[in-house]
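Visitor: Input: one structure, supplied below.
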């Protein structure tokens, strides 16, 4: 325990001001001995650390930040991840210090050490101290606040710095700091407790995150997996323009195959770029990727890269190739198969990630992969493999569809208001109808039924266009455009079979709507990226702490928490329905009757 | 009266929701030395007979001479001789098991009707009441030629009817409860064993198709299919999590893929060819099987002690192997043949292991209380909200 604390202190870089606990009155001395030891070892910190001796009056102002020791240094189990500091009552003592900080861009985290911090409250450890490259000092000292998220605790970076001929980094103690950070997976309840919103990316007011909030995080940490939605949107457009150019019923439009060619190359480039960025994120910030994987909404976006590759294969211009190799299909379907074994198995085996708890419209992304794979497989000439994926996708789609329609009270992630994510409802039936048509050879009844379902869902969402206002733009919106494109492509295929004015008009209309939406989205993305510069905001969703901060009015949330965890009896459902979700906002101090789930 | 501590996961509190086995005290009531084989044999024991019958059916199909074969007639006869012998042995053994279990159960109805009633009222055990009829139907289907000749077609048809009618009656009772009764919400009482009712419907479908009654076959199939869909969705949603399903019965999770494989066989018997619907059902069964096979942790708790629920492994894998056989016959690809061989050998292996284990531990099976009975008693006492445990069975060692 001491060792961990010792290590965390040692990796405190320069400009440290140590106040021993026994010198400060009111400080909660818990163990003198280890404190001394830590102080001694921190004296070993290299170089320019200004270790003041233990006198209080050395609260002098330097041209550096003053950081005092955290008050309760012996909670070594909390040392694991850098946590945000909370300002306590005595801060005005240090207020002058803080405001005096002249160092640009260095947020100072000071902590009063007058009272011990209650457990569960985020405490500041020394890892909180972060520094940007201060001009007047060596630039070789890295920002360490994100180390907990880095793969191999930043060792890779140090080696890269070494390779680049930079200053040799500090060796030794700091390497051991983060080994205790390999935390176990976050339970899904933490995500539901800490986050809210249709994409579960907004932090609740009572929660805190483990990474510094007011600092811009490294780009890789801000790059969410939902960026793969962009690949989906663009590559589906490529398929759309290919279908428009080659279909019988739209020949009258005289679309040139050139558009498909251009779009396809753009899509390929985009896929390569996003793949490589995310690959770097996997290499450098594996912890962040893990947290995204455990996020109940984001996990579905892990299917998106492979679906995008399938789209690319489907939309390949005929000038490049007409026949795809069959082995390509097997290669592309393998990751999808593995992922869906994991996800569907989680649904089936119950536990904390069972469907009644985590169902949300983004789950459609995990289903659509099956149908797209079936479509591609049928296009390259296979029969059994595509049928396999079609059957699996169909069975699980029915389950998901019913679950989402039911809007179970045990389900938290369904947004109460409409959000573009609802367009994902349209995705599965449209692709399923196309896949079935390709498998059977013609657009027969088995294809028409899902197609009409898709049309109905599309229209019932389109007439509610008023309710889609007022949402914060996010990159995931790109993923919601491909259902519109899919519906358009399905309509074109349908009009091939049933060629009349109505179907052709519908095809053209839907195609133009989807292209317009994609262009509008492109413009919005450009605006956000270059003008507003808030395209990649700090990705709060992955930085939630693994323990809930102590709350005063937590009785009702705990009741809700327990209730969510185990509706194990129909009585619980009745009780839940009685105490509607508004109760949890009410911050009622009165405890609900405690008969809730004590069986 | 002896105090018996029974490992039973049915009594859970909110904290042990995830199916961890909780210790429960099983205080025996005033039923002294009445525990015997009769009090312990519950309907779940028929899964032994069911598994044997399914294995017999498998061997019958395996021993059928292949049609398009280049080998000479003599070689074909020799090759099919060994499976034929095994098939005959299995069939007679299955018949024996079925008859003896039926006798015991009839006696149990006479002498301990309250126990049978308790089984009937319990939401998990009632599904096992289908198993005797399913195994009887399978036995009929798997009957060797000699038996066919001895009995004649008329009596076979009569027997089919006799065995199908109880399934229908049970259907009416159980499915009717799902959507009519207030007290037995499907969302709460659905559990993996409910899929046995669906399997029962599909087996009756096959029987009807074999008898030649197409309409009845389609009727039973649609009945089974509709309820299967409802059940599948409900089970996947896991509304009631696993708090009402004992961990000891985890092997019945294998029913997840037994139902669609039997469904594909049923549709196959209706249409005569293994068409797209059959294939899709078979693929679904295959996927669920792979998914369960990748999760051995689920079954760890149930595998600690041998009990009759383990026999669920046998007949479920046999059903899957049967479907794979039909699939391989239809699609003559190497992959399909390999798949069929793998699944068939798996089911054979599992059945063999179970037979050996049962033979070795027959004492345990016959002289100790099966966890299912304890679960029935415990959940009965729980739902009746009485502080005392009602009549329980105490195994005296």
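Read-outs throughout are calculated quantities, based only on the coordinates presented, and are distinct from any laboratory measurement. Quantities reported herein were computed from a predicted structural model and do not represent experimental measurements. In this analysis, Cβ positions are derived from the backbone assuming ideal geometry, glycine residues included, and neighbour counts consider all displayed protein chains.
Visitor: Roughly speaking, what is the centre-to-centre gap between segment A:423-476 and segment A:354-409 when only Cα atoms are used, to the nearest Å?
Guide: 13 Å
Visitor: Give the average, rounded to an integer, of partner chain Cβ atoms located within 10 angstrom of each Cβ in A:337-349.
Guide: If you average over the peptide's residues, the count of other-chain Cβ atoms is 4.
Visitor: Also: Sorted by mean Cβ packing within 10 Å, highest first, what order do the peptides A:187-197, A:485-495, B:249-259 take?
Guide: Answer by packing, highest mean first, reads A:485-495, B:249-259, A:187-197.
Visitor: In terms of the Cα gyration tensor, with a ≥ b ≥ c the square roots of its eigenvalues, is segment B:126-172 rounded because a/c is under 1.5, prolate because a/b exceeds b/c, or oblate?
Guide: Oblate, because a/c is 1.5 or more while a/b does not exceed b/c.
Visitor: Let me ask something else about it. Per residue of A:392-398, how many C-beta atoms from partner chains lie within 10 Å of its own C-beta, taken as a mean?
Guide: That average works out to 5.
Visitor: Averaged over its residues, how many other protein chain Cβ atoms are within 10 Å of peptide B:290-303's Cβ atoms?
Guide: 2
Visitor: Taking a ≥ b ≥ c as the square roots of the Cα gyration tensor eigenvalues, with a/c under 1.5 meaning rounded and otherwise prolate when a/b beats b/c, else oblate, which class fits segment A:470-518?
Guide: Here segment A:470-518 falls in the prolate category.
Visitor: Using the 2.2 N^0.38 Å rule of thumb for compact globular proteins, work out how segment A:467-548 stacks up: its C-alpha Rg over that value, please.
Guide: Normalised Rg, Cα atoms only: 1.55.
Visitor: A further question on this structure: When ranked by the protection proxy of mean other Cβ atoms within 10 Å per residue, highest first, what sequence do the peptides A:470-478, B:110-118 form?
Guide: A:470-478, B:110-118
Visitor: Give me P(r) over segment A:326-460, computed from all C-alpha to C-alpha distances, binned every 5 Å, as integer percentages.
Guide: 2, 11, 19, 22, 18, 15, 9, 4, 1, 0
Visitor: Could you quote the convex hull projected area for segment B:175-232, Cα atoms only and averaged over all directions, in nm²?
Guide: Mean shadow area of the hull around the Cα atoms is 3.9 nm².
Visitor: Kindly give Rg over Rh for segment A:368-408, based on alpha-carbon atoms, with the Kirkwood expression for the hydrodynamic radius.
Guide: Rounded to two decimals, Rg over Rh is 1.15.
Visitor: What order do you get for A:509-516, B:228-235, A:321-328, A:451-458 when each peptide is scored by the mean count of other beta carbon atoms within 10 Å, highest first?
Guide: Ranking, from highest mean packing down: B:228-235, A:451-458, A:509-516, A:321-328.
Visitor: Let me ask another. Give me the one-decimal Kirkwood hydrodynamic radius in Å for segment A:214-369, with the sum taken over alpha-carbon pairs.
Guide: That comes to 17.3 Å for segment A:214-369.
Visitor: Provide Rg and Dmax in Å for segment B:84-218, with only Cα atoms included in the calculation.
Guide: Every Cα atom of segment B:84-218 included, Rg and Dmax give 16.6, 53 Å.
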